[in-house]
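Engineer: Structure incoming, see below.
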Amino acid sequence: MERSLQAYLSAIPAPDRAAMDAALVRQESLAKPPHSLGKLEDISVKLAGMTGRLYNPVDRRRVLIFASDNGIVAEGVASCPQSVTLSQTINFTRGLTGVAVLAKHFHSELDVMDVGINADFHQSGVRDVKIAHGTKNFAVEHAMTREQALRAFQIGIDAAQRAKDEGVQIIGVGEMGIGNTSTSSAVLSALLGLPAEQTVSRGAGINDAAYARKIALIDEAIARWQPDPADPIDVLAKVGGFDLAAMCGAYIGAACARMPVVIDGFISAVAALCACRLSPLAAEYMIPSHASAERGYRLAMDAMGLEPMLLMNMRLGEGSGCPIAFELVAASQSVLRDMATFAEAAIDDGYLAEIRGNRTFLGEA
């Protein structure tokens with residue numbers, strides 16, 4: 001499995017710079033002041049680099065949701081009972097959750113996977129790829145074996161490749177798992193070498209005592225297990241979750257397939273950081289959606305050199321930011337393809353020569 005991982009990482013292509021240059025030339029020919037559509041322009045250029053094509057429709061969209069339970073909840077770090085993981089996973093298929101409603105509104109599909117829910121069940125619409133009935137409690141032992149982490153990683157790769165094979169043009173990465181703000185904070189602290197006090201938030205809402213205990217447990221676990229920040233699989237195995245490992249694999253799978261992949265919130269961002277630590281090229285295929293209100297989100301974004309598109313004070317998770325972001329990506333393609341050029345609009349753009357030479361004005365200094 002280790003060889004397979006290295007093969008996938010080696011298969012990630014660099015962005016197509018010629019296609020990016022073509023998109024930039026097209027953007028500069030459109031009848032508008034340079035870079036006046038900001039990130040809509042940036043997205044269109046980045047997509048061209050991903051696919052090697054100037055125009056990239058994103059009509060077929062899918063959110064990958066990886067559901068799993070986390071043994072750390074035994075320590076009282078979550079405000080919800082563990083049974084909520086199963087309940088909400090079923091509710092995804094009934095169209096009743098936040099991401100399900102948004103996905104329907106924005107014409108997006110869901111691919112819901114049971115990677116490690118602590119229950120035996122069968123539900124139409126939930127793909128059974130269970131590794132185990134939840135991870136172990138990382139306060140007392142490693143969350144999973146390295147082999148299990150690699151199995152979860154492969155599940156994510158397979159989900160991204162399945163989307164590509166089925167004609168999906170853009171994917172997003174979401175999750176469901178009570179306790180996964182604790183695992184995400186632990187993974188982030190281990191990767192960045194930061195104390196938990198700087199990475200931990202209250203998740204769905206815990207009291208002061210549980211919050212302090214959450215911080216202490218993460219610091220103690222990292223000190224005890226010594227996860228290797230240079231080896232994200234080791235970090236995930238020791239203090240992570242099956243959902244995080246699968247999400248990490250989905251980012252790598254998307255990059256191998258030259259397919260754009262949207263980051264949701266904090267947990268999705270930590271998984272993205274794991275992927276970027278495995279291969280910096282993975283970031284070239286990522287599009288952040290919204291700025292999560294969770295404390296560690298900004299740390300993860302800064303570590304990847306990425307910027308979210310939206311500021312909406314969202315912190316639901318599930319992949320709820322992805323359907324909204326898909327629509328913005330689609331808008332970027334409409335602008336690139338359909339907006340008139342200066343020539344088509346019969347406008348002499350000579351007056352823009354000075355502005356085009358002023359990189360500070362364009363926000364590129």
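The values are calculated or read from the model by the stated rules, or taken from the named source; none is laboratory data. Keep in mind that this is a model prediction, so the values were computed, not measured. With ideal geometry, Cβ positions are generated from the backbone for all residues, glycine too; neighbour counts draw on all protein chains shown. Please note that ligands, DNA and RNA were not included when accessible areas were found on the heavy atoms of the full protein model with its side chains. Shrake-Rupley method; radii C 1.70, N 1.55, O 1.52, S 1.80 Å.
Engineer: So for H133, H122, what's the accessible-area order with a 1.4 Å probe, most first?
Structural biologist: Working: H133 85, H122 165 Å².
Listed by decreasing accessible area, they come as H122, H133.
Engineer: Sticking to Cα atoms, compute the Rg of segment 188-283 to one decimal and its Dmax as the biggest Cα-Cα distance, whole number, in Å.
Structural biologist: Answer for segment 188-283, Rg first and Dmax second: 14.2, 45 Å.
Engineer: Give a residue-ordered list of calculated ³J(HN,Hα) values for segment 109-115 (Karplus: 6.51 cos²θ - 1.76 cosθ + 1.60, θ = phi - 60°; whole Hz; x for Gly, Pro).
Structural biologist: Per-residue couplings from phi come out as 8, 10, 10, 9, 10, 8, 8 Hz.
Engineer: Just subtract the alpha-carbon distance of A209 and L352 from 0.36 nm times their residue separation and send over the number in nm, one decimal.
Structural biologist: 45.5 nm
Engineer: On the first, second and third principal axes, largest extent first, how far apart are the outermost C-alpha atoms of segment 152-215 in Å?
Structural biologist: Each principal axis gives a Cα extent; for segment 152-215 these are 48, 25, 18 Å.
Engineer: While we're on this one: Quick one: which residues, 5+ away or cross-chain, put their amide H under 5 Å from the amide H of R61? H built at 1.01 Å from N.
Structural biologist: E109, Q169
Engineer: Separate question: Quickly work out the A293-to-H133 label distance, labels modelled 7 Å from Cα along the C-beta direction, and quote it in nm with one decimal.
Structural biologist: 3.5
Engineer: Now for a separate question. For segment 264-308, list log₁₀ I(q)/I(0) at each q in 0.13, 0.26 Å⁻¹, using the Debye formula over Cα point scatterers of equal strength and ignoring solvent, two decimals each.
Structural biologist: -0.21, -0.87
Engineer: Based on alpha-carbon centroids, what's the gap between segment 207-242 and segment 93-167 in Å, whole number please?
Structural biologist: Comparing the Cα centres of segment 207-242 and segment 93-167, I get a distance of 22 Å.
Engineer: On a C-alpha basis, how far is the centre of segment 46-88 from the centre of segment 180-195 in Å? Whole number, if you could?
Structural biologist: When both Cα centres are located, 18 Å separates them.
Engineer: Let me ask you something else. Using the Karplus equation 6.51 cos²θ - 1.76 cosθ + 1.60 (θ = phi - 60°), what ³J(HN,Hα) coupling, rounded to whole Hz, does each residue of segment 289-300 give in order, writing x for Gly and Pro?
Structural biologist: Along segment 289-300, the couplings run 8, 10, 7, 5, 7, 5, 4, x, 4, 4, 4, 5 Hz.
Engineer: Could you work out the Kirkwood radius for segment 95-183, taking every pair of different alpha carbons, averaging 1/r and inverting it, reported in Å?
Structural biologist: After inverting the mean inverse Cα-Cα distance, the result is 14.8 Å.
Engineer: Just the number please: accessible area per residue for the chain, 1.4 Å probe, all protein chains included, in Å².
Structural biologist: I get 40 Å² per residue for the chain.
Engineer: Something else about it: I want the antiparallel fraction of DSSP beta bridges within the chain, as a percent rounded to 5.
Structural biologist: 5
Engineer: Once phi is turned into θ = phi - 60°, what whole-Hz ³J(HN,Hα) does the Karplus curve with 6.51, -1.76 and 1.60 give for every residue of segment 339-349, x standing for Gly and Pro?
Structural biologist: Rounded to whole hertz, the list is 5, 6, 7, 4, 5, 5, 8, 6, 10, 6, 8.
Engineer: Can you tally the lysine pairs in the chain where the Cα-Cα distance is under 23 Å and the two residues are eight or more apart, or on different chains? Present the calculation step by step, with values, prior to reporting the outcome.
Structural biologist: On the way: K32/K46; K46/K164; K104/K164; K130/K164; K130/K238; K136/K214; K136/K238; K214/K238.
Counting lysine pairs in the chain gives 8.
Engineer: Could you tell me, in Å, what Rg and Dmax come out for the Cα atoms of the chain?
Structural biologist: Cα only, the chain: 20.8, 71 Å (Rg, Dmax).
Engineer: Mind putting together the pair-distance distribution for segment 50-126? All Cα pairs, 5 Å bins, whole percent per bin, short to long.
Structural biologist: 3, 13, 22, 18, 15, 12, 7, 6, 3, 2, 0
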